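Working notes, structure below.
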Amino acid sequence: MTALPTTRDVLLTCPLDCPDACRLKVTVGRGEDGLERMTKLTGDANHPYTKGFACVKTVHYPSRANHPERPLYPMRRVNPKTDAEPVFERVTWDEALDDIAARMRTLLDTRGPASVLRYHYAGTMGLMENNHAHALFRALGTPELDETICASAGTEAWMMGYGTRYAVEPEDVAHARLIVLWGINSLSTNSHLTPHLTAARKAGARIVHVDPYENRTSRFADQHLKLRPGTDTALVLGLMHELFAHGWTDEAYIAEATTGIDELRRAAQEWTPERAAEVTGLSADEVRDFARLIGTTRPTYIRVGYGMTRHEHGGTALRAVTLLPALTGDWRVRGGGCALSASGAFKLNRTRLGAAHLIRPETPHVNMNELANALAPSAGVGATVIYNCNPAVVAPDSSRVRAGLRRDDLLVVVLEQAMTETARLADYVLPATTFAEHADVYTSYGHHWLGYNPAAIEGPGETRPNSWVMAQLARRLGVSEPSVYWTVDELLAELLGTDHPHLAGITPERLKAEGSVRLNLPETFLPYAHGAETPSGKVQLSPAPAYREPQAALNAEYPLRLVTPPAHHFLNSTYGMLDVLTRPEGQEPQVMLHPADAAASGLSDGDYAQLQSEVGQVRRRVRVTTEAQPGVAVVEGTWWGLSAPDGESINTLTAQTLTDLGGGSTFHNTRVRVEKT
Ligand SMILES: Nc1nc2c(c(=O)[nH]1)N[C@H]1C(S)=C(S)[C@@H](COP(=O)(O)OP(=O)(O)OC[C@H]3O[C@@H](n4cnc5c(=O)[nH]c(N)nc54)[C@H](O)[C@@H]3O)O[C@H]1N2
Ligand SMILES: Nc1nc2c(c(=O)[nH]1)N[C@H]1C(S)=C(S)[C@@H](COP(=O)(O)OP(=O)(O)OC[C@H]3O[C@@H](n4cnc5c(=O)[nH]c(N)nc54)[C@H](O)[C@@H]3O)O[C@H]1N2
Ligand code: SF4
Ligand SMILES: [Mo]
């Protein structure tokens, strides 16, 4: 964009669904129209975790906030949703809100609360504009949306073993001498961990990547263990076999801090390195050597990602990995242990966050991975209000999701900052503010800093925060629950209204003045050094993880497993409209195939292939590469369908199958066949 005169810099927390929750320096300029807008974005040089850099994607956030197609006014759809191209007319906020509230009222009175479905995820991580925005729906008694699309399998797996979700302090990673990046492409998805990895390596640490395909993180690592997808539990059992056989376990830690060791020892006994090798596709020596490394290197730090959870037995797989430091005693050593999420350290008072106190035992639940089912005509939903989420692209079985959104008897209300494919299927698009334009409070799942953003610039046009829209609807629907109308200040006072030592000394005034405040954790934070916050007070090793083959086993009809992990230049579908970020990803989505699989289908590099799964088909350009392993196809990035040659999201191929724990998504579990078109 053209250079605008700079008026000032503001420090703000990144709102996106990313463990780094960076502290950003946002430059604000004034346009010729006299309005302020963000012109530039970088990392806060003074923030100890952000260290002065923003990622390759979010430096382009200003282009997104100032995008010519950003919705700036409430809009009503005027042509049928079955037409390919939507036509909207501008309406006033009162017209839109009056009509939406009246239609919701009719549904609530005639068909009951189950006929209105809220749908959302983590477009913003702000506690006000995300979590607290649900309060209206809880006051109305509409179904609880179980937020399972990303982290629920991992969360439940972690909680079984450890209770609360604590993570190794990232600043301590430099102390580790073995670093295992397991099922995470951290150089792309957790980029602010990289300086700590580099510091550890300079001090002599070895870095191992455990992942089914070669990506940036594999190339950064000293060693890549390219296992078959969905087989981590077998690998872990093989490692445990060796740890027990060679006496590489920390018996003092096990005795003091864990329960269930005998059961685990028995389960691991059957898993020789040879057996683990057969299941995982690694060699028995790779299993043995990896076990020796883990068994003999202190401290060992394991950064585990959600990737391995997105399989039928993904909860068990993640639980198995996270139990390793309980056998080696790494939890007692600074820099040792495991990190999935640091969320549990933020001991805020969440009692009335999102009016959670109004959830009743009899409230029906909808699993967000089953949106395709929930929007089927027979399911009885008459209105859906969608915010912070792009389900037409990100939800499994997305062509059925779109078919549901197209129903002419379904009122679809979408609060958005962008004309996503979900917004294009709305009856009403309600224009939303961005993180620079509304105040909010932020936790993190990758570090221990609490953040606060003021509303730094005025939202353009008639954009409004989600919380404003919800309060307006609540007033029209006669909702009396006070928390629905809270300001950010009232929410903040509630959240910090706790005696928990982690929040000692953190007042609303201090947080607002400093903007980013580190939780009050001890200098050496070793949360599981003597046990865990489980009912027994110990790390629960029981039930011993058991390896299971997926129901969706590969066969002659579907010979390939499709893995669909995040892309380096995207943040889910948030940046899908920016050419500057789709271009370095290859301009259009591509399927990576191993040369042997490409040859078997007569495909060469650059050809177009039809990918067929049990639920749908898409067309994709082929990239032939040994970065993929035989039998595994990889499509990086949740691209907008509009960028694909056939207009289809990759989730046209993925099914609503749920994980063994937590009702989670199974985005890497899909089996496909690939044919030349
Ligand atoms: N650049 C970028 N950053 C992002 C995102 C993004 O879209 N782009 N998304 C954000 C969000 S919402 C999230 S949840 C996180 C995602 O973060 P995580 O899911 O924690 O990790 P990813 O880095 O996505 O890595 C997933 C990895 O798991 C691998 N994998 C798949 N199946 C298996 C398996 O069976 N076993 C093993 N060992 N590995 C497997 C994939 O190949 C992939 O490399 O990243 C966040 N950050
Ligand atoms: N095949 C496949 N599918 C996947 C994944 C995968 O790896 N493979 N990853 C899954 C994962 S881990 C996740 S977390 C989900 C992510 O799915 P989503 O949470 O839907 O994430 P995004 O695609 O980034 O879309 C978020 C939307 O929220 C909007 N938004 C942001 N801030 C605000 C706000 O303040 N107000 C309003 N009203 N809107 C706002 C943005 O404009 C954006 O369109 O996708 C899942 N889908
Ligand atoms: S997306 Fe993640 S890495 Fe990028 S600026 Fe935001 S928090 Fe930082
Ligand atoms: Mo996610």
| said: Please enumerate, by chain and number, the lysines with C-alpha under 20 Å from the C-alpha of residue 51, excluding those fewer than 8 residues away in the same chain. | reply: 25, 40, 202
| By how many degrees, between 0 and 90 and to the nearest 10, does the Cα long axis of helix 466-476 differ from the longest principal axis of the chain? | 50
| said: So, R0 is 22 Å and r is the distance between the beta-carbons of residue 553 and residue 676; what FRET efficiency does that work out to, to 0.05? | reply: 0.30
| task | For the range 560-676, build the charge dipole from Cβ charges (+1 Lys, Arg; -1 Asp, Glu) around the Cα centre, then report which of 584, 628, 610 sits farthest towards its positive end. | result | 610
| query | In debye to the nearest 20, how big a dipole does the chain give about its Cα centre with +1 on each Lys and Arg Cβ and -1 on each Asp and Glu Cβ? | reply | 580
| message | Here is the link list: 57/512; 347/538; 57/676. Which ones come out longer than 30 Å on Cα distance? | response | 57/676
| What percentage of all Cα-Cα pairs in the chain are separated by more than 42 Å? | 24
| message | I need the shape label for the range 560-676. Rule: rounded when a/c is under 1.5, else prolate if a/b > b/c, else oblate, with a, b, c from the alpha carbon gyration tensor. | response | oblate
| message | Just to be sure I understand: of the beta bridges DSSP finds with both ends in the chain, what percent are antiparallel, rounded to 5? | response | 45
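Subtract the Cα-Cα distance of residue 102 and residue 379 from 0.36 nm times their separation in residues, and report this length gain in nm to one decimal.
My answer for the length gained is 97.6 nm.
Restrict the search to the range 222-315; then list the GluC sites (Glu not before Pro) that DSSP places in a loop and that have at most 16 other Cβ atoms within 10 Å of their Cβ.
270
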| said: If I model a spin label at residue 487 and residue 32 as a point 7 Å from the Cα along the Cα→Cβ vector, what separation in nanometres do I get? | reply: 3.8
| Cα gyration tensor, the range 198-350 - rounded (a/c under 1.5), prolate or oblate | rounded
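If you roll a 1.4 Å probe over the range 560-676 with all protein chains in place, what percent of the accessible area is carbon or sulfur?
45
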| How far, in nm, would the chain grow between residue 406 and residue 350 when pulled straight, counting 0.36 nm per residue and subtracting the alpha carbon separation? | 16.5 nm
| said: If you count only protein heavy atoms with a 1.4 Å probe, what accessible area per residue comes out for the chain, rounded to a whole Å²? | reply: 35
| field | Segment residue 614-residue 202, length gained on full extension (0.36 nm per residue, minus Cα span) | value | 143.6 nm
| Of the GluC sites (Glu not before Pro) in the range 17-94, those whose Cβ has at most 13 other Cβ within 10 Å and which sit in DSSP loop | 32, 69
| said: Taking θ = phi - 60°, what integer Hz values does the Karplus form 6.51 cos²θ - 1.76 cosθ + 1.60 yield along the range 587-604, in sequence order, with x for Gly and Pro? | reply: 6, 9, x, 10, 9, 8, 10, 5, x, 5, 6, 4, 4, 4, 9, x, 9, 10
| Between residue 524 and residue 255, what FRET efficiency follows from the Cβ-Cβ distance if R0 is 35 Å, with the result rounded to 0.05? | 0.95
| query | Can you give me the Cα centroid spacing of the range 230-268 and the range 409-430 in angstrom? | reply | 50
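The values are calculated or read from the model by the stated rules, or taken from the named source; none is laboratory data. None of the values given here were measured: they were computed from a predicted structure. Don't worry about glycine lacking a Cβ; one is built from the backbone with ideal geometry, like all the others, and counts go over all protein chains shown. SASA here: full protein model, heavy atoms, side chains in, ligands and nucleic acids out. Shrake-Rupley method; radii C 1.70, N 1.55, O 1.52, S 1.80 Å.
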